[in-house]
1. Within the bounds of the stretch 432-455, is there any residue that is of a type in the set (S, T, N, Q), out of contact with any Leu (no Cβ under 7 Å at 6 or more places or on another chain), open to solvent by 20 Å² or more (accessible area, probe 1.4 Å) and closer than 23 Å to residue 366 by Cα?
2. Quick check on my filter: what residues within the stretch 122-160 are surrounded by fewer than 16 Cβ atoms within 10 Å (Cβ to Cβ) and part of a loop (DSSP other than H, G, I, E, B)?
3. Being part of a loop (DSSP other than H, G, I, E, B), open to solvent by 40 Å² or more (accessible area, probe 1.4 Å) and modelled with pLDDT of 95 or more: is that true of residue 68 here?
4. Tell me, please, whether a residue that is more than 28 Å from residue 519 (Cα to Cα) and part of a loop (DSSP other than H, G, I, E, B) can be found in the stretch 294-302.
5. Give just the number: which of (1) open to solvent by 60 Å² or more (accessible area, probe 1.4 Å); (2) more than 18 Å from residue 179 (Cα to Cα); (3) not in a helix (DSSP H, G or I) does residue 219 not satisfy?
6. Please return the ranges of strands (runs of 3 or more DSSP E) entirely within the stretch 313-429 where 1 or more residues are more than 13 Å from the chain's Cα centre (by Cα).
7. Mind listing whichever residues of the stretch 10-57 are of a type outside the set (A, V, I, L, M, F, W, C), crowded, with 17+ Cβ neighbours inside 10 Å and modelled with pLDDT of 95 or more?
8. When you go through 414, 393, 428, 351 one by one, which is the residue that is open to solvent by 10 Å² or more (accessible area, probe 1.4 Å), at pLDDT 95 or above, of a type in the set (S, T, N, Q) and under 30 Å from residue 173 (Cβ atoms)?
Amino acid sequence: MLNECCPISQAAVVGLLTLLAGSGVRAGTQLPGTLNFQNVTSSRVNQTVGEQTSNEKEVDIGDFDNDGDLDVVIASAHSDFGQRRNKLYRNDAGVFNEVSGAPIIPGFSGTTVSRNAFFRDYNDDGWLDIWIINDGNSQSDQVYIAHTAGGQFSHYVDEAAARLPNPNTGASTSGVSIDADADGDFDVYLGNLVGKGPNRSQDRLFFNDGQGFFEDVTATHVPIGVDYTLDVAAADMNGDGKLDLLISNWPGFGGNWVYYNDNLNHGSGPGDFQYPGSTQSLGGASANDNAMESGDFDHDGDQDIYWTNRSASTGDRILRNDGNDRDNKATFTTLDILPSSVINVSSRKVTVADLNDDGRVDVFVMKEAGSNSRPTILRNTSVNGVISFVDWTPTPAFPQGSIHMGCHAALFDTNGDGDLDIFLGGWTNDHLFENVPAVEMHEDDLRDGRLPNLFNLDPVAVVGTASKGDPDVYTIGDVGADGFIAVVLNGPDDYLLEVLDADDNVLADSDRGGPGVEEALQVTVGPGTYRVRVTVLDCAASAYDLDGNCGVGVLDLLALLAAWGPNPDHPADFNGDGVVDILDLLSLLVNWGPLVNEYLLEVLAR
């Protein structure tokens, strides 16, 4: 019943309806950033020290000259134990200039075989030092300490002989530098190689005294075993605040493990990995196992594991962390859910980081020679606790072939623009890939919904609008043989995302939840033309859509009129003044018509 003080005639209502008939209001929404990469090596990497091919490199980052940007250090081991050339790059406003020799770091690019490099402030003087893990019968690890002059960085000096209790650390093939004993400084764990050096296969652990001098605590803190530690990673796998170790061994040598750091205080304190029950076998197909890296892929608060294969006979896999058992050790479920580009290929190490700032950690996988030797960007598309990835590797930046093969890469903001780039230690030379937006356009800019040529080119992002009952269809032409199409859709509504062939047969679809839930899929395709269809299943809630039918219309107007007058807390009191009146009516009329929200559709074809 209308309030008698403020009558509205039927003619007035009809006039307003006539004025607004057929109109629609586009409601903008916050959309995530698009994802693409561009090779900028030629303009931003100045390499000066020559190197051989087939180098296995480990990349680390840190600001060694304290100028506010991140520099790069690389340990390089030739795959057949020939010469390596370690690298030190200084970041000069986004340009990486190699400074590997004198006067900055004399002797750094020598002829030994190196496996890892760590940028850490070992002596707590505010300047980053460099630890180099070396793989050789008698070659010591190197501990380069930063020296300064007049409050500025001057040069590095190898002080391993003075700082290590036994500079001959054996033949190490991997390691991590973490605060294992939780005393505020960086310690070093070395994974050693079978049959070389006086220490042979025994992994070793060095505690830092806080001033950069180290104590060997292997005998009391490291599990004793004859193995060949191929890779070591560190993460808090059981959520107790102490860093545990992920140990990958060479096939046939000792299996694969989690070493728990003083779990349930059963050790001698933080940094003890040797007490009874400290280890957990991860099993695995030992002929194929390679490196592990942790990341919270399903965003549930614990660390999952990405595990690569090396022999190219199986595939990479995810170990989902399902919480702790009664012994406070993580329980895992193996998931074979990864795209074909990391199946039946030889993967090396991986790096995890959020590349597109959507709150989910993505994965960058390095490769050896094989049927798919290009590195792979795995874009994390997990929602509602279900882990999923799509291959999002643009061909222009990462062409097929051996040019970008390698062992490891670092993901960080190289030029201060706020997003993460990729610095790749290649088998031959080093490469930089800048994170740049994908080509973005509006649906109105497309002729008949046809996307520009995509196959083996950069991804395309389309800003579109759709209302319930009126699907949008986009055409992808000129797709070549042995390819795939990856599609990601974000927007406020509940969508059905489909890929169809030229005969409108549905090849793949995604409907993963209600309003605001991202849709994503990847489908293998052959040569031809394909379509992507976006259908709104349900719209995002709108205060003016009182009856929830994805539009503001007569029924909503009638509901407002029925609530006319003093009516606090009623949904039609849009301005919250306790009265449903002419101001609320005008607000409803301004939003008259179907609810139409923007979405962002990203498509990559390769």
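The values are calculated or read from the model by the stated rules, or taken from the named source; none is laboratory data. Worth saying up front: this structure is predicted, and the values here are computed from it rather than measured. Cβ coordinates were reconstructed from backbone atoms using ideal geometry, including for glycine residues, and neighbour counts include every protein chain displayed. When the accessible area is computed, the model is the full protein with side chains, heavy atoms only, and any ligands, DNA or RNA have been set aside. Shrake-Rupley method; radii C 1.70, N 1.55, O 1.52, S 1.80 Å.
1. No - not one qualifying residue is present in the stretch 432-455.
2. 124, 125, 126, 137, 138, 150, 151
3. Spelling it out, residue 68 is indeed part of a loop (DSSP other than H, G, I, E, B), open to solvent by 40 Å² or more (accessible area, probe 1.4 Å) and modelled with pLDDT of 95 or more.
4. Among the residues of the stretch 294-302, not one is more than 28 Å from residue 519 (Cα to Cα) and part of a loop (DSSP other than H, G, I, E, B), which makes the answer no.
5. With respect to (1) open to solvent by 60 Å² or more (accessible area, probe 1.4 Å); (2) more than 18 Å from residue 179 (Cα to Cα); (3) not in a helix (DSSP H, G or I), residue 219 is out only on (3).
6. 317-324, 330-335, 347-353, 362-367, 406-412, 421-426
7. Matches in the stretch 10-57: 36, 39, 41, 44.
8. So the residue among 414, 393, 428, 351 that is open to solvent by 10 Å² or more (accessible area, probe 1.4 Å), at pLDDT 95 or above, of a type in the set (S, T, N, Q) and under 30 Å from residue 173 (Cβ atoms) is 351.
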